[in-house]
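Asker: Can you keep this structure in mind? I'll have questions shortly.
The values are calculated or read from the model by the stated rules, or taken from the named source; none is laboratory data. These numbers come from a predicted model, not from an experiment. Note that we place each Cβ from the backbone using ideal geometry, even for glycine, and neighbour counts take in every protein chain shown. For accessibility, only protein heavy atoms count, side chains too; no ligands or nucleic acids. Shrake-Rupley method; radii C 1.70, N 1.55, O 1.52, S 1.80 Å.
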Amino acid sequence: MSDNSSLEYVTHIQATPEQVWRALTDPGMTAQYWGTTLDTDWRAGSPMAWEQLGVRIEDPAQVVLESDPHRRLSYTWHTFTPEFATSVGLDQELAARLAAERRTKVSFDLEPQGNTVKLTLLHDDFDQAGVLHGMCSEAWPQILAGLKTLVEKS
Amino acid sequence: MSDKPSFVYVTYIHASPEQVWAALTDPEITAQYWVHRNESDFQVGSPWRHVRVGTGQVDGGGQVLEADPPRRLTCSWADLDNPAETTSIFTFDIEQDHEVVKLTVTHVDLADEEELRDVAGGWAKVFASLKSLLETGAPLSAAVMLPG
């Protein structure tokens, strides 16, 4: 159980798969609960630009891996650029460590269960000895709690 | 150090620590989102019982090991056929985090990987239902909470 190469988080949302899909992909919604927008056409193989705190991150390696609307979404994680590190207040040492770690990927599975959706996040391919796994373990419950609140409110 | 599996699950709820504490310990509230009444006076050393709504079937229970309202509650989960035998222990930690409450469950001394999978799936549902109830007034449906 000390495997730090991946992390999984499950929650259940009172909504339709279409509403949860929209919350994962619509920049107007991700901005509200994540402070992040993802600029892409959500087709498999398409590039993605990330924007957080006014910093735009572009890299050809940031791509949509799988896109099966209302069922499954997967994409590679963003590059840790110096501009990103500055905007979120990372010190130089931490920024350098993150920039050196391998690129991770996330996938979301949406399964309807009665009048709810079971949302499963799998964040994978972490460097076992890296620092990103711990940071994401802290962040995902907060991000997905925010998504659930936003979707159930609307 | 125990080499038995353990499980940690965290959620964030727009509510006060007192509301979250009440939602975990008031059988009238647990009945709404957990399809079970958690019956106990929640004093250290007291027994607690996890009683299914409707049928009254006792699905589990154990002993209250630590109670610090509205911050921390630790209970044992005992073998129903042999109540003296503690099988696992879970702790709820309730922390104010700006305008929300961070609720953590830490469940330790699980028997094996199968029980780990079961409790992981269970806590995700229970906390999702609790969060929905406190934030919207509507828990997850009983059909989702008790499948099959």
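Asker: Taking B:Val35, is it closer than 22 Å to B:Leu116 by Cα and either open to solvent by less than 30 Å² (accessible area, probe 1.4 Å) or within 14 Å of another protein chain (Cβ to nearest Cβ) (or both)?
Answerer: Details: closer than 22 Å to B:Leu116 by Cα: yes; either open to solvent by less than 30 Å² (accessible area, probe 1.4 Å) or within 14 Å of another protein chain (Cβ to nearest Cβ) (or both): yes.
Here the answer is yes, as B:Val35 does meet what is asked.
Asker: Among the strands (runs of 3 or more DSSP E) contained in segment B:36-87, which hold 2 or more residues that are of a type in the set (A, V, I, L, M)?
Answerer: Where strands (runs of 3 or more DSSP E) fall fully within segment B:36-87 and carry at least 2 residues being of a type in the set (A, V, I, L, M), they are B:58-68, B:72-79.
Asker: Moving to a separate point now. Give segment A:17-51 a look and list any residue that's away from every other protein chain (no Cβ under 14 Å) and among the β-branched types (Val, Ile, Thr), or say none.
Answerer: If the condition is that a residue be away from every other protein chain (no Cβ under 14 Å) and among the β-branched types (Val, Ile, Thr), then A:Thr25, A:Thr30, A:Thr36, A:Thr37, A:Thr40 are the ones that fit.
Asker: Does segment B:123-148 hold any residues that are open to solvent by 30 Å² or more (accessible area, probe 1.4 Å), closer than 22 Å to A:Pro112 by Cβ and in a helix (DSSP H, G or I), and which are they?
Answerer: Residues satisfying the conditions are B:Lys125, B:Glu135, B:Thr136, B:Ala142, B:Ala143.
Asker: Which strands (runs of 3 or more DSSP E) sit wholly inside segment A:1-88 and have at least 2 residues that are of a type in the set (A, V, I, L, M)?
Answerer: A:6-13, A:55-57, A:64-68
Asker: Okay, moving on. Within segment A:100-141, which residues are within 11 Å of chain B (Cβ to nearest Cβ), buried (at least 17 other Cβ atoms within 10 Å of the Cβ) and assigned to a helix (DSSP H, G or I)?
Answerer: A:Trp140, A:Pro141
Asker: Right, another one. Starting from segment B:1-26, keep only residues that are open to solvent by 40 Å² or more (accessible area, probe 1.4 Å), then list their pairs with residues that are β-branched (Val, Ile, Thr) whose Cβ atoms are within a distance under 6 Å, requiring at least 6 positions of separation or different chains.
Answerer: B:Ser6/B:Val108; B:Val8/B:Thr106; B:His14/B:Val100
Asker: Mind checking which pairs have a first residue in segment B:135-146 that is more than 7 Å from every other protein chain (Cβ to nearest Cβ) and closer than 20 Å to B:Pro17 by Cβ and a second that is of a type in the set (Gly, Ala, Ser) and surrounded by 15 or more Cβ atoms within 10 Å (Cβ to Cβ), Cβ under 6 Å, 6 or more apart or different chains?
Answerer: What qualifies is B:Pro139/B:Ser129; B:Pro139/B:Ser132.
Asker: Still on this structure, please answer the following. Can you tell which of B:Glu95, B:Glu66, B:Glu114 is without any contact (Cβ under 8 Å) to a residue 12 or more places away in the chain and more than 12 Å from chain A (Cβ to nearest Cβ)?
Answerer: Of B:Glu95, B:Glu66, B:Glu114, the one residue that is without any contact (Cβ under 8 Å) to a residue 12 or more places away in the chain and more than 12 Å from chain A (Cβ to nearest Cβ) is B:Glu114.
Asker: Same structure, new question: Which residue, of B:Ser76, B:Ser129, is out of contact with any Lys or Arg (no Cβ under 8 Å at 6 or more places or on another chain), polar (S, T, N, Q) and closer than 21 Å to B:Gln32 by Cα?
Answerer: Working: B:Ser76 fails: closer than 21 Å to B:Gln32 by Cα.
The conditions single out B:Ser129.
Asker: On the basis of being more than 24 Å from B:Gly137 (Cβ to Cβ), away from chain A (no Cβ under 14 Å) and under 12 Å from the mean Cα position of the chain (by Cα), does B:Trp48 make the cut?
Answerer: yes
To keep it simple, each residue is scored yes or no on (1) at pLDDT 95 or above; (2) out of contact with any helix residue (DSSP H, G or I) (no Cβ under 9 Å at 6 or more places or on another chain); (3) within 23 Å of B:Ser132 (Cβ to Cβ).
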| position | (1), (2), (3) |
| --- | --- |
| B:Leu24 | yes, no, yes |
| B:Pro27 | yes, yes, yes |
| B:Thr30 | yes, no, yes |
| B:Asp59 | no, yes, yes |
| B:Val64 | yes, yes, no |
| B:Pro70 | yes, no, yes |
| B:Thr74 | yes, yes, no |
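Asker: Those residues that are over 13 Å from the mean Cα position of the chain (by Cα) and within 18 Å of B:Ala120 (Cα to Cα), I need them from segment B:12-32; list them, please.
Answerer: Selection gives B:Tyr12 alone.
Asker: Working only within segment B:38-69, note down all residues that are among the aliphatic types (A, V, I, L, M), open to solvent by less than 60 Å² (accessible area, probe 1.4 Å) and more than 15 Å from B:Phe90 (Cβ to Cβ).
Answerer: B:Val51, B:Val58
Asker: Identify the residue in segment B:33-42 that is under 12 Å from the mean Cα position of the chain (by Cα) and of a type in the set (Phe, Trp, Tyr) and, among all such residues, is farthest from B:Thr106 (Cα to Cα).
Answerer: Taking the candidates together, the pick is B:Tyr33.
Asker: Within segment A:26-71, track down each residue that is closer than 17 Å to A:Val106 by Cα, buried (at least 16 other Cβ atoms within 10 Å of the Cβ) and touching a Leu at 6+ places or on another chain (Cβ under 7 Å).
Answerer: A:Thr30, A:Met48, A:Trp50, A:Ser67, listed by residue number.
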